[in-house]
Amino acid sequence: MRRNENGMSPEGNPARRRRLRRPMSSRRALRRVRKAYARGGEGALETAFADVRWRTRGFRALLATVERFYPMSGIVRFAGEVDRGIREGGLSTGCRVAADRLGLPYEFDIPEATRQVLAQAPAILYGNHPTLFTPFLVGAAVDRPDVRFFMLSYVGRLIPALRTYMLPLEASAPRRFTEWRRGGTRRMIAYWLTGLLERGRVRDEPKSVNRRRLMQGVDHVRSGGCVVIFPDGGGRGDSRWYPGVGVVAAALARSEGDRVALVPMREEGSTTRHVYALFRCAGRPHPSGGSPELTPIRIRFGDPVRLSDLAGPDSAPEEIVARLQAHYESVFPAPRRRRFLGLPPDRGATAR
């Protein structure tokens, strides 16, 4: 429980307690949460959410319905834990601390050659994004201050301390069908909730913003840094990869092909249902009296390859994407059953 400078929790402050008893309309509650989300700052969203949750009858009813499909309360708490952890210890330490407090079991499989590259070499790290934990587990594994993630900008408003490590992208709209295809009803609810928070925010045209961010990523790698990109777009993934990774690789291949390393990674042993169940169980006693037995989420890294091995100075982005995807699927082959059925690789399932 967070405490103020006098050692008292907000709930222990008499004036604060009186304010918490006052009812609040649903419209005012939404404005308060939206304002905290837009303003950012340490604990702003977490505090606002906790405040309006108990003061607004309509908000409580809506939340109870949403929680049946999407663990919003747990996700807000986790975002707060990550934010505090990053402020106190940096990205890698902050992500590890937040995962440990949630009780999330995880493990990393990193070849020695990859470990050396991830320590200091200019690199493009790319792979799947089956759950919302993916970037935080990758952040925990890659312990270097110059790692940067291509991520949708709203994540930086949920976790303000993460902005230092982001190259924020803007989502094109509308995306309802895309989100449903990637994660069904749960993903649609997450999209709807994000839309409630984002409503009214003035944003630039997504294509120009995203192109600029990709070029910033190119400059970052040229200067010796590491970027992380998820070309399948997240969720269940598509058989078709998006071209952003090809744009970055093509720009670097013209002059840095022999210096830049490509490192594939894959999250295994997790599903969205598994992750949401973990959020709901966090902090609650298990019926058996112990801790629930959870299969560790595994982050596997492939061996590094030189960018020049897969991309020439005159290669088009689309051609590079096809080569990267083919290489990725040779390192992490699709499970046999899905290949037999002729289905696209399930990038959230464990390769056997």
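General observations
- R144, sole failed condition from (1) assigned to a helix (DSSP H, G or I); (2) at pLDDT 85 or above: (1)
- Residues of segment 25-42 that turn out to be within 16 Å of V82 (Cβ to Cβ) and either of a type in the set (S, T, Y) or touching a helix residue (DSSP H, G or I) at 6+ places or on another chain (Cβ under 6 Å) (or both), as a count: 2
- Some residue of segment 246-254 being modelled with pLDDT under 95, assigned to a helix (DSSP H, G or I) and surrounded by fewer than 20 Cβ atoms within 10 Å (Cβ to Cβ): yes
- Every test in (1) of a type in the set (A, V, I, L, M, F, W, C); (2) surrounded by fewer than 21 Cβ atoms within 10 Å (Cβ to Cβ); (3) more than 17 Å from E268 (Cβ to Cβ) is passed by F78 save one, and that test is (2).
- Selection count where residues are without any contact (Cβ under 8 Å) to a residue 60 or more places away in the chain and either closer than 21 Å to G74 by Cα or in a helix (DSSP H, G or I) (or both), scope segment 86-100: 10
- I75 among the β-branched types (V, I, T) and within 16 Å of the chain's Cα centre (by Cα): yes
- Count - residues of segment 27-41 that are crowded, with 16+ Cβ neighbours inside 10 Å and assigned to a helix (DSSP H, G or I): 7
- Residue in segment 159-178 that is modelled with pLDDT of 85 or more, in a helix (DSSP H, G or I) and of a type in the set (A, V, I, L, M, F, W, C) present: yes
- Among the residues making up segment 255-269, those that are of a type outside the set (A, V, I, L, M) and either free of Cβ contacts under 8 Å to residues at least 12 places away in the same chain or not in a loop (DSSP other than H, G, I, E, B) (or both) are S255, E256, P264, R266, E267, E268.
- Applying the criterion of being at pLDDT 95 or above and of a type in the set (A, V, I, L, M, F, W, C) to the residues of segment 119-135, the residue that is surrounded by the most Cβ atoms within 10 Å (Cβ to Cβ) is A123.
- Scanning segment 71-108 for residues that are polar (S, T, N, Q) and closer than 23 Å to A36 by Cβ returns a single hit, S73.
- Any hit, segment 34-44, residues being basic (K, R), over 16 Å from A79 (Cα atoms) and at pLDDT 75 or above: yes
- Answer residue from segment 295-328, given it is farther than 25 Å from V218 by Cβ and surrounded by fewer than 16 Cβ atoms within 10 Å (Cβ to Cβ) and is modelled with the lowest pLDDT among those: T295
The values are calculated or read from the model by the stated rules, or taken from the named source; none is laboratory data. All figures in this text were calculated on a predicted structure; none of them were measured in a lab. We place every Cβ from the backbone using ideal geometry, glycine too, and count neighbours over all the protein chains shown.
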